[in-house]
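The values are calculated or read from the model by the stated rules, or taken from the named source; none is laboratory data. These figures come from a predicted structure and were not determined experimentally. Positions of Cβ are generated from backbone atoms using ideal geometry, with glycine treated the same way; all protein chains shown enter the neighbour counts.
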């Protein structure tokens, strides 16, 4: 069997394509995470599918397809597990007290964020389940590997078979739902902690604004911002178009 790597040269064409591809700067690499990089960076999704569809050796093409299928099933299993845990976390927010420390009642937007996040988490699990079943059923067929490739095959450009763009994002849909659920959970908590810092029946202006609720809100916000920056930086490294092959 050939030792050609999964993301390596595709029938002698990938090298030429990479040579003609302009190398973006650091800012462009960072901004690329907002164009599919967070959930579907080219180097770990599109390029591997391109390698499969353009492999000329039948045995190696089937081997690459099997590897993609097995790793995708593991990914979907992980997303489904995390989605279920996140759904349980979001559903528990319904038992949180409605009256805040300052005497105010929770705004409707907080509960709306959490319930929307619960829907996203459930659909992450449902999507991962549906796609896992699809892969298992296709794999049970004699021509299953060929059908998997056929479902992703798009038009041919420059002598190279292209992957259907929507297929790339469809297989990342469960991860999109999972990320959206996390965003809703954090957004709801952010609104909650900052509403708690406002003056209310149990927090008088003469007592001052800088109390325990204000300290907690500032601390929580700083941690969220730092975590978000670190997350974006790590995702930027995955979305970089200049990964060596």
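Taking the criterion of being under 15 Å from residue 49 (Cβ atoms) and free of Cβ contacts under 8 Å to residues at least 40 places away in the same chain, the residues of the range 133-155 that qualify are 146, 147, 150, 151, 154, 155.
Of the residues contained in the range 137-145, none is found to be within 26 Å of residue 75 (Cβ to Cβ), in a helix (DSSP H, G or I) and within 16 Å of the chain's Cα centre (by Cα). Contact annotation: residue pairs with Cβ atoms under 7 Å, 6 or more positions apart or on different chains, pairing a residue in the range 214-230 that is within 14 Å of residue 191 (Cβ to Cβ) with a partner that is modelled with pLDDT under 90, are 217/196; 217/197.
The C-beta contact set for the range 101-117 (first residue surrounded by fewer than 17 Cβ atoms within 10 Å (Cβ to Cβ), second residue part of a helix (DSSP H, G or I), distance under 7 angstrom, 6+ apart or interchain) comprises 101/213; 107/191; 107/195; 109/191. Within the range 153-165, the presence of a residue that is modelled with pLDDT of 85 or more, at negative phi and exposed (fewer than 14 other Cβ atoms within 10 Å of the Cβ) is excluded. You will find that of 125, 79, the residue that is in contact (Cβ under 8 Å) with a residue 40 or more places away in the chain and within 13 Å of residue 182 (Cα to Cα) is 79 and no other.
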